[in-house]
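Participant: Shown below is the structure under consideration.
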Amino acid sequence: MHFFSQAFNYEHPWSHVVIGMWHKYPNSKCSHVISIDTIDRSVDPKTGIIRTERVLGCKQKTPTWIVKLFGGSEDAFVREISFIDPSTQNATITSVNLSLSQFATCFERIQYSPMSHSRTHFTQTAEIQARMTLWRTAADGLERWLVQRFEQNAHLGKLGFTDVLSTLWQERQLQQAQT
Amino acid sequence: MAHSLSPQCTPLKLEYDSCFNTWFEGYLEPAIAAAETPAKREAYSRQKATEFQEKCGKIWESYRDCVSKAVKEKGLDTLLQQARDENPLTEPPLPPSTPSDGLKSS
């Protein structure tokens with residue numbers, strides 16, 4: 001498991017940052033994000049909390065060995081859930097990869113909260129983790145297959161050498177008898 | 001605003017996004033002010049949730065139909081369902097300690 005985290009302040013009020021969140025892309029510095037779709041959204045009539053579920057499409061150069069090994073492609077998709085709570089002035093955004101998620105997960109959490117009336121505090125944490133259970137299953141499977149192949153080959157080896165030995169000595173016996 | 005994952009849905013997406021943004025920009029500042037009392041907050045939230053549905057409900061339905069088809073065509077629906085099963089994220093996360101709390105305690 002790998003962790004990543006950073007924190008800093010934006011010199012803008014919280015409301016401006018949160019309005020800006022929806023205008024973050026397209027942006028020339030993050031050209032890897034090529035599509036964004038809202039797939040679910042609700043406004044809680046009691047709390048006023050807005051929950052948004054989006055799918056982001058990214059294009060990023062993937063090392064060819066990763067594409068070959070995991071069968072991925074240059075298109076990667078991410079699921080993003082955000083909660084905006086105006087009453088506590090808190091915005092949290094959680095993202096997790098959809099592509100290659102059977103092999104590894106990248107779980108990211110971003111939070112925007114007011115630092116003062118004109119500054120917003122930003123924190124970002126990410127956990128990147130390979131799915132060890134899957135690796136273990138795959139490794140166990142490979143081991144089982146190797147053991148089976150070994151047993152089969154060992155069995156055939158015994159049969160084969162038995163044949164070779166009996167043929168060899170039968171022939172030798174025959175030759176001896178002739179001389 | 002970025003495109004939709006399906007070019008077909010992009011016009012609907014842009015219309016929906018701009019509907020939401022207009023509504024949201026009118027919503028946010030008064031919502032912060034309405035948080036003063038729970039009663040105010042609830043009254044304002046209810047009124048604005050209804051208004052959002054009235055203003056953007058129709059375009060949302062067209063856009064959602066388009067995008068859910070596109071999600072299926074890209075084979076993302078099963079991955080999405082797995083992600084939702086694993087992490088529903090239906091409730092807002094607990095408010096973590098704010099930086100100002102940190103300052104107070106130090």
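Participant: Dividing the alpha-carbon radius of gyration of segment A:2-130 by 2.2 N^0.38 Å (N being the number of residues), what value is obtained? Walk me through the numbers on the way to the answer.
Facilitator: Details: Rg = 16.2 Å, N = 129, 2.2 N^0.38 = 13.9 Å.
So the Cα radius of gyration is 1.16 times the expected 2.2 N^0.38 Å.
Participant: Past the 27 angstrom mark, what percentage of all C-alpha to C-alpha distances in the protein assembly as shown do you count? Numbers along the way, then the final one.
Facilitator: Values: 21643 of 40470 pairs.
Of the Cα pairs, 53 percent sit more than 27 Å apart.
Participant: If you average the sequence gap of Cα pairs under 8 Å that are 6 or more apart and divide by the length of segment B:9-87, what percent do you get for the contact order? Walk me through the numbers on the way to the answer.
Facilitator: On the way: 26 pairs, mean separation 32.6, N = 79.
It rounds to 41 percent for segment B:9-87.
Participant: Any chance you could check the Cα centroid distance between segment A:1-55 and segment A:109-179 for me, in angstrom?
Facilitator: Answer, in whole Å: 43.
Participant: With the dipole of the protein assembly as shown worked out from charges on the C-beta (+1 for Lys and Arg, -1 for Asp and Glu) around the Cα centre, which of A:173, A:3, B:11 lies farthest toward the positive end?
Facilitator: With unit charges placed on the Cβ atoms, the residue in question is A:173.
Participant: Would you mind classifying chain B by shape? Square roots of the alpha carbon gyration tensor eigenvalues, ordered a ≥ b ≥ c; an a/c under 1.5 is rounded, otherwise it is prolate if a/b is larger than b/c and oblate if not. List each step's numbers first, then the result.
Facilitator: Numbers: a/c = 2.38, a/b = 1.43, b/c = 1.66.
Oblate is the answer for chain B, as a/c is 1.5 or above yet b/c matches or exceeds a/b.
Participant: How large is ³J(HN,Hα) for each residue in segment A:139-147, as worked out from phi by the Karplus curve 6.51 cos²θ - 1.76 cosθ + 1.60 (θ = phi - 60°), to whole Hz, x for Gly and Pro?
Facilitator: 5, 4, x, 4, 5, 4, 4, 5, 4
Participant: If you take the alpha carbon radius of gyration of segment A:94-177 and divide it by 2.2 N^0.38 Å, what ratio comes out, to two decimals?
Facilitator: Numbers: Rg = 31.6 Å, N = 84, 2.2 N^0.38 = 11.8 Å.
Normalised by 2.2 N^0.38 Å, the Cα Rg of segment A:94-177 equals 2.66.
Participant: To the nearest whole number, what is the average tally of beta carbon atoms from other chains within 10 Å of the beta carbons of peptide B:45-54? Mind showing how you got there, number by number?
Facilitator: Working: counts 10, 5, 1, 4, 7, 2, 1, 5, 2, 0.
Mean shielding count: 4.
Participant: Scan around residue A:12 for amide H atoms under 5 Å from its own, H built in the peptide plane at 1.01 Å from N, and keep only partners 5 or more places away or cross-chain.
Facilitator: Result for residue A:12 returns A:120.
Participant: Additional query: Explain nothing, just the number: dipole magnitude of segment A:2-130 about its Cα centre with +1 on each Lys and Arg Cβ and -1 on each Asp and Glu Cβ, in debye rounded to the nearest 20. Working shown, then result.
Facilitator: Details: 12 positive and 11 negative charges, 35 e Å.
Here segment A:2-130 has a charge dipole of around 160 debye.
Participant: Just to confirm a number: summing +1 for Lys and Arg and -1 for Asp and Glu over residues other than residue B:27 whose beta-carbon lies under 10 angstrom from that of residue B:27, what do you get?
Facilitator: -2
Participant: While we're looking at this one, here's another question. Let me know the mean shielding of A:5-18 by other chains, meaning the per-residue number of their Cβ atoms within 10 Å of its Cβ.
Facilitator: Values: counts 0, 0, 1, 0, 1, 0, 0, 0, 2, 2, 5, 2, 0, 4.
Taking all residues of A:5-18 together, the mean is 1.
Participant: Okay, next question. So what's the net charge close to residue A:17: Lys and Arg +1, Asp and Glu -1, counting the other residues with Cβ under 11 Å from its Cβ? List each step's numbers first, then the result.
Facilitator: Working: positive: A:24, A:119; negative: A:11.
With Lys, Arg at +1 and Asp, Glu at -1, the neighbours total +1.
Participant: For segment A:2-130, what's the relative contact order in percent, using C-alpha pairs closer than 8 Å and at least 6 residues apart?
Facilitator: Taking the mean separation of contacting Cα pairs over the length of segment A:2-130, I get 30 percent.
Participant: Karplus couplings for segment B:42-52 from phi (6.51 cos²θ - 1.76 cosθ + 1.60, θ = phi - 60°), rounded to Hz, Gly and Pro as x?
Facilitator: Residue by residue, segment B:42-52 yields 5, 4, 5, 4, 4, 4, 6, 5, 5, 4, 4 Hz.
Participant: What residues qualify as long-range amide H neighbours of residue A:99, i.e. H under 5 Å apart, gap of 5 or more or another chain, H built at 1.01 Å from N?
Facilitator: Distant-sequence amide H within range of residue A:99: A:77.
Participant: Place +1 on the Cβ of every Lys and Arg and -1 on the Cβ of every Asp and Glu in segment A:1-80, take the dipole about the Cα centre, and give the residue among A:12, A:69, A:38 whose Cα lies farthest towards its positive end.
Facilitator: The Cα lying farthest towards the positive end belongs to A:69.
Participant: Take the Cα atoms of segment B:30-70, find their three principal axes, and give me the spread along each one in whole Å, biggest first.
Facilitator: Ordered largest first, segment B:30-70 gives principal extents of 43, 16, 13 Å.
Participant: While we're looking at this one, here's another question. If you put +1 on each Lys and Arg Cβ and -1 on each Asp and Glu Cβ, how big is the dipole of chain B around its Cα centre, in Debye rounded to 20?
Facilitator: Details: 13 positive and 16 negative charges, 17 e Å.
With only Lys, Arg, Asp and Glu charged at Cβ, the dipole is about 80 debye.
Participant: Now for a separate question. How fast does segment A:132-179 diffuse by Stokes-Einstein, in µm²/s, taking the Kirkwood radius from C-alpha pairs at 20 °C and 1.002 mPa s? Kindly include the intermediate steps, with their values, before the conclusion.
Facilitator: Numbers: Rh = 13.7 Å.
The estimated diffusion coefficient comes to 156 µm²/s.
Participant: While we're looking at this one, here's another question. Could you report the protein assembly as shown's accessible area per residue, 1.4 Å probe, as an integer in Å²? Mind showing how you got there, number by number?
Facilitator: Details: 17550 Å² over 285 residues.
Value returned for the protein assembly as shown: 62 Å² of accessible area per residue.
The values are calculated or read from the model by the stated rules, or taken from the named source; none is laboratory data. Because the structure is a prediction, the values reported are computed rather than measured. Every residue, glycine as well, gets a Cβ built from its backbone with ideal geometry; the counts of neighbours run over all protein chains shown. All accessible areas refer to the heavy atoms of the entire protein, side chains included, with ligands and DNA or RNA removed. Shrake-Rupley method; radii C 1.70, N 1.55, O 1.52, S 1.80 Å.
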